Structures are given as C-alpha cells and as structure tokens.
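Since every read-out is calculated from the coordinates, none of them should be taken as a lab result. What you see is a predicted model; the values in this text were computed from it and never measured. So basically every Cβ, Gly included, is an ideal-geometry build from the backbone, and we count neighbours across all protein chains shown.
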Amino acid sequence: MEHMKTHNREQPKELSDAEFEAALHAALRDEGSLFPRNAEDVASLKASMDMNDVPTPDTQKFRQLLRQVAKNDGVPTNDPQNIRQLFRRTAEKIVNIFDTDWSGSSEVDANLEKLAMAARNGGEITDEIRKRMEVDRAQAKEQIKKNNGAH
Amino acid sequence: MFAMEDLADDILQESVPVSGLITRSHPELENDTDDGLVTYMAFQTTDEEMALKACEQLHSRHARFMLGWCIKNRNETFGESAEDFVNKTFFKAFTEADKFVCPDSADGTNQVLAWLFRIMKNLYLDSRRAEGRRPVARPNGEAAWLEEIEERQRESAEQVPTGTTAAMRAFLKTLSPKDKEILTSTAEFWDPKKGEAVIDDDVREGICAEYGLTESSLRVRRKRLKDRAKAFIQQNTK
C-alpha cells in the first residue's frame, strides 16, 4: 500500500504526442544533432563540440574541384561519359521547356556550346557514345511530339 | 544552369583521390573577415581568381568544423560521404555568395557558418529527395517555409521542462544509431502548429529507401520509439 502511494505521488503524467515532439526537438537541439540554423546555435555548437579525432579535410582536393566547377560548370569535357551525360541533361531540359522558346535558353545554349567545345578540344566521341546520344535525341524529340500532341 | 550539386556529385565521383594532405591558405586573405571573404566570392564575375581564393580560404577555416559536426553529431546521416557533403556546401556557397546577407557583421563568422549550415541542410534535403527516386525540385519559397517552422519549433522547445529534456537525452543514448537517426531525421520536420512531424513525400521516400523501410513500417517504427520514449521519460522524470 505504501508502495502504491509513493508510486502515485511520484509518477508524472505520460507525455502527449505534442509534448513528446517538443521534448525530442529540445533534446536533439541541445546535443547539437539538428542542423544549427542561426549564429546563436553555431556559437553553442562551437562551445560544446569535441574536435578531437576530426580529420583535416583535403584542401588541395577541394581547390582542384572548385576550380574545375568554376571553369567547366562541373562537367569535364574530356570524358566521353560526361559528354553523353551533358547531352542527356540538355535533351531533358529541352523537353522540360518544350512549350517555351528554348532556342533562346542560355542554359541549353551553354550546354550545346560545351558539347561543341568538347568536340573542338579533341574529346573523342566514340561510336557507342554517339549512338547513345542519338537515342537520347530521338527520345527527346519523341517526348516533345507527344507533349505537343497533348496540347 | 543545371543544379550545382548534381555537377559536384559527378566531379566528386570521378575525381582521382589526392594522396596526402596539403593545407593551403592565402596569406593576403588571412586578415579578412569571413563575411568579407563571402563578399569577394560574390564578385566572382568581376574578379574570379580572388573569388576562388576567398572560397578556398573560407574552406580552410571552416571545413574541418563542419566535417566535425557531420562526423560527431550526424555520423549516421552522412557516413563516409561527410567530406563530400562539406565540399558540396562550399561549391554551392561559391555560386550563391551574392545571396548572402550578414545581419550582424560583429558576429560575421557565426553568421557565415549558420548560412553554410543552411546550405548543407538544403543539400541534405535534396539528397533525400534524390534517394526517393524523384526529380529534385525544391518548391518555391521552401526556405521561408522551413524558417517559419523552425521559429515555431524554437518557441515550443523552449517551453519543455529541463527534466523532460534531460530524460529525453538519456533515452536517445539508449537507442541504436539507426533508431536515433530515424527520430533525428524526422524531428527536422516537426511542426508544432500541427503537433507532428510533417515530412514532404519525397523526403519521406528518401528516408525509407535509405533504411529499407516501407512508409508504413517507418511510421510504425517511429511510433514504437515514441511510446518507448514516453515510458522512459515517465519513469525517469522526477
């Protein structure tokens, strides 16, 4: 009986769903598991985070990649696979904007220009890649026709 | 232009790993503030070389801290791709630098870091959507929507009694990394106004795909974790 009394006195009420979510959020925020979203969160994370055993990122690799991204918009044009990918993306973009004046799209023009650059720079487009590009192009045309027909 | 993160994906996958670590910095930029570096980055069309150097300098100052957060606090989320995520964050920061506004230059470093973490969060959400096998298409105004929810989250979370928060933290320590990740991933979407985690379909599909769960099994698993947490807190709160 004594036990029951103690139990009843000390046992808090179970959390509601909303209280659970709030407590979960507060706990995760406290331990820094949620993305910090403002300067205050960052300051608190800095104060609490243990940086031991954290490796130093490879800044040389980053530098190379950043310059590649800046120079080529991230698509190296000397790799046939990338050329095909670039073409596929361009074709997709054309399909996506089929009902607008895509010929004036700077994005499409830029990608086509890159394809041309790849060819000029001697990026060898193999027969296999060329065939795949033709398939992509045919599919894109087919999609445009289909979409135009639907309007 | 197509999404920079897609391009960065391609490069990161295709690049040849560089052996050894070389820490580079640009002495001429060492005394510049972080928000000053972002300003140089924003002027990339005027002086691209300076913009690139500024981005490298920013990376050399803060990439390790961000990597540390990924590894120590969200290892289950990022795993081995943590460094790639950090690098992609800086690529995106480079292209989006002109959108950065520093509301308090006296606290510029933390403002810049908060901005970088917001970029990383959006990249993370996009990657979840990509795992859901749907096109990555961020709805217009999503950033504002997230901020609105986060503000409500903060207000509600601040009202939680300290003892309850401490008990929840103790409960989280008892979980497997996967179970904790399920709660953490979904907690990012908690909307106090609705009283539940409102996760958009694409992201939910991404989470399911990553853990090999169906949507209903994700719901069931989360509910079981919630029930366990409630019982644990009830027993451990004075």
- [ ] State the three equivalent ellipsoid semi-axes of region B:51-90, derived from the C-alpha gyration tensor as the square roots of 5 times its eigenvalues, in descending order and whole Å.
- [x] 21, 10, 5
TODO: Pop a pseudo-label 7 angstrom from the Cα along the beta-carbon direction at both residue A:17 and residue A:53 and give the gap in nm to one decimal.
DONE: 3.8 nm
Open item on the list: Can you work out the Karplus-derived ³J(HN,Hα) for every residue in region B:226-232? Use 6.51 cos²θ - 1.76 cosθ + 1.60 with θ = phi - 60°, whole Hz, and x for glycine or proline.
Closed with: 5, 5, 4, 4, 4, 5, 4
TODO: Would you order B:184, B:46, B:39 from fewest to most other beta-carbon atoms within 10 Å of each residue's own beta-carbon?
DONE: B:46, B:39, B:184
Open item on the list: Taking the number of other C-beta atoms within 10 Å as the exposure measure, put B:55, B:70 in order starting with the fewest.
Closed with: B:70, B:55
Open item on the list: Suppose we keep just the alpha-carbon trace of region B:26-123; what are its Rg and Dmax in angstrom?
Closed with: 13.1, 41
Task: Inter-label distance, nm, simple model (7 Å from Cα along the C-beta direction), residue B:200/residue B:30 - done: 4.4 nm
TODO: Would you mind checking the pairs A:61/B:88; B:173/B:194; B:99/B:193 and listing those with alpha carbons more than 18 angstrom apart?
DONE: B:173/B:194; B:99/B:193
Task: Distant-in-sequence amide H partners of residue B:196 (H built 1.01 Å from N, under 5 Å) - done: B:191
Open item on the list: 7 Å from Cα along Cα→Cβ at both residue A:138 and residue B:224: what's the point-to-point distance in nm?
Closed with: 5.1 nm
Open item on the list: Using the Karplus curve 6.51 cos²θ - 1.76 cosθ + 1.60 with θ = phi - 60°, what ³J(HN,Hα) values do you get for each residue of region B:67-73, in whole Hz, with x for Gly and Pro?
Closed with: 5, x, 5, 4, 6, 7, 9
Task: Per-residue Cβ neighbour rank within 10 angstrom, fewest leading, B:62, B:26 - done: B:26, B:62
Task: J(HN,Hα) series, region B:34-46, from Karplus relation 6.51 cos²θ - 1.76 cosθ + 1.60, nearest Hz, glycine and proline x - done: 5, 5, x, 5, 5, 5, 4, 4, 5, 9, 5, 6, 7
